[in-house]
Amino acid sequence: MRTFREDFLWGGATAANQYEGAWDVDGKGPSVSDMCTNGSHTVPKRITPVFEDGTLYPSREATDFYHHYKEDIALAAEMGFKVFRMSINWTRIYPTGMEKEPNEAGLAFYDQVFDELNRYGIEPLVTISHYELPYGLVEAYNGWYGRECIDCFLRYCETIFERYQDKVKYWLTFNEINSGVMPMGAVLSLGTVKGYCGPVNAVPDEPQVRFQGLHHQFVASARAVKLAHEKYPQFKMGNMNIFATKYPATCNPDDVVKCQEEMRRMNWFTSDVHVRGYYPSYMERFFEEKKIKIHMEPGDEAVLREGTVDFYTFSYYMSSCETADLEKLEKSGGNIIGGVGNPYLRASDWGWQIDPKGLRYTLNEIYDRYQIPLMVVENGLGAYDKLEEDGSIHDGYRIDYLREHIAQMEEAVKDGVDLMGYTPWGCIDVVSASTGEMAKRYGFVYVDKYDDGTGDLGRRRKDSFYWYKKVIASNGKDLA
Ligand code: BGP
């Protein structure tokens, strides 16, 4: 029977905006994430157009990969990583997004990082845009709503493709591009928040602006993929989707149809465009009902067709249920991906419902639809960790979560899915994207950094570090 392939890419995932820090060092400009304050599970983080004195902006220092990359890559190598998912901070290369020439100091930093990875035989997997939109583009064009962003993005892609053509083979265009389908995507993903000051979950929603912005991202992504295919045939270009798996809450056909609608809008729409190269017909009805008009320029449709991706990647944390019963829906609340709770599942401390079998189901659904290689590029348990006096961290709960998900990935492989690799999220502790907290940790490596901004940034191996090392060494056979 099939099992994980020999060249399976085991590793971990990070993103510059939550990890790198050094937000204004060596010529870097501010990104949308740098303008976000901290928050918590109950108090939403805010975005502010100017820095407020005395307010904490956690991305500014984050967990300081910028000054710890050698140590962190050595730790990744010790675990046996084959791949390291990271992102390039757009504003390190083009500080406002609009310069004509790149910032050499920024480019040099990633040369060093890629060289260090290469020394250990670790393949970089680079997300080109992971919630790091230059804030300059928010101010100038209202983020991705402005078509101008496409050219700015392309200039950035041309620069990094040319510079790193011999160092990076695997690229992802936009992190979780389908976050723009939800109102919450307006801040970190689309940057359509010009002048807005306030909680990230209270931006006045303008679906017309969101979906037009998303169209510009589709065109930008397709042009980047096309450029890569034409000029750098060695590159492998992927998409990146949040997969928010949904089940009907009951077998009532009303719930089943509602679930199908939500699955299409939330999970399939963006990747149908990326993989198939055109807008799916089911979106026409949605746009008509919501009175959304997508403005396309001549040539856009052709570009979408020509810029389809080579492999499909996604983040998977949880699942939820869909119901047509509005009363039930109103009562549920607290589920970040919408829908209602599932009585068969337990949830994390942040209310994310843990569903390992849902990962097997999801992998099969995606592979059946597209038949291209898949990769799980984010998964994991955000949890409170306790640092013991002797410096150890006993995170058995994280091991349980990962073990169950890896076992289900193997089931999917047995089912016939072509799975390339697995990079659990925040392999070294990073700042949380949704809440801005440090307390919500995912890593195999603990970083001494706290919600009030204190901490000496020291790195410590958690129990899961030693466990994951065994998993990798056995190519996923030893999950004990
Ligand atoms: C995804 C993002 C990541 C990451 C992760 C965990 O949405 O791509 O950037 O942070 O979710 O989410 P959180 O940090 O909110 O727990």
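Over the stretch 1-103, give the accessible area per residue in Å² for a 1.4 Å probe, as an integer. Let's see the in-between values first.
Numbers: 3830 Å² over 103 residues.
Here the per-residue accessible area is 37 Å².
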Exercise. Once Rh for the chain is found with the Kirkwood sum over Cα pairs, what is the Stokes-Einstein diffusion coefficient at 20 °C and 1.002 mPa s, in µm²/s?
Worked result: 95
Exercise. Roughly to the nearest percent, how much of the accessible area of the stretch 36-122 is carbon and sulfur, given a 1.4 Å probe?
Worked result: 52
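If you count the DSSP beta bridges with both ends in the chain, what percent of them are antiparallel, to the nearest 5?
On the way: 10 of 45 bridges.
Around 20 percent antiparallel, to the nearest 5.
Ratio to report: Rg/Rh of the stretch 208-312, with Cα atoms as the point set and Rh obtained by the Kirkwood method; give two decimals. Could the numbers behind the result be given before it?
On the way: Rg = 15.5 Å, Rh = 15.0 Å.
Computed over Cα atoms, the ratio is 1.04.
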Exercise. Within the accessible area of the stretch 131-243, what % is carbon and sulfur when the probe is 1.4 Å and the other protein chains stay in place?
Worked result: 50
Problem set entry | Coil-residue GluC sites (Glu not before Pro) of the stretch 329-437, DSSP, other Cβ within 10 Å capped at 11 | Glu388, Glu389
For this session: Using Cα pairs closer than 8 Å and at least 6 residues apart in sequence, work out the relative contact order for the stretch 103-176, in percent.
Result: 50
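Using a 1.4 Å probe on the protein chains only, how many percent of the accessible area of the stretch 288-386 belongs to carbon and sulfur? Don't skip to the answer; put the middle values down first.
Details: 2460 of 4990 Å².
Ligands and nucleic acids excluded, carbon and sulfur reach 49 percent.
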Exercise. Which values of log₁₀ I(q)/I(0), to two decimal places, follow from the Debye formula for the stretch 270-370 at q = 0.16, 0.19, 0.24 Å⁻¹ with a uniform point scatterer at every Cα?
Worked result: -0.96, -1.09, -1.21
Problem set entry | Cα pair distances in the stretch 42-167, grouped into 10 Å bins until the bin that holds the longest one, percent each | 11, 37, 33, 17, 2
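Looking at the stretch 1-89, which GluC sites (Glu not before Pro) are in a loop (DSSP not H, G, I, E or B) and have at most 12 other Cβ atoms within 10 Å? Intermediate results must be reported in sequence, preceding the final value.
Details: sites: Glu6, Glu20, Glu52, Glu61, Glu71, Glu78; in loops: Glu6, Glu20, Glu52, Glu61.
Qualifying residues, ordered by number: Glu6, Glu52.
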Problem set entry | the stretch 335-409: C-alpha pair distances exceeding 18 Å, % | 52
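Can you tell me the accessible area per residue over the stretch 328-441, all protein chains present, probe 1.4 angstrom, in square angstrom? Walk me through the numbers on the way to the answer.
On the way: 4390 Å² over 114 residues.
I get 39 Å² per residue for this part.
The values are calculated or read from the model by the stated rules, or taken from the named source; none is laboratory data. Treat the numbers as computed from the prediction; the structure is a model and nothing was measured. No Cβ is skipped: glycine too gets one built from the backbone with ideal geometry, and neighbour counts run over all protein chains shown. Calculation scope for accessible area: heavy atoms of the full protein, side chains included, ligands and nucleic acids excluded. Shrake-Rupley method; radii C 1.70, N 1.55, O 1.52, S 1.80 Å.
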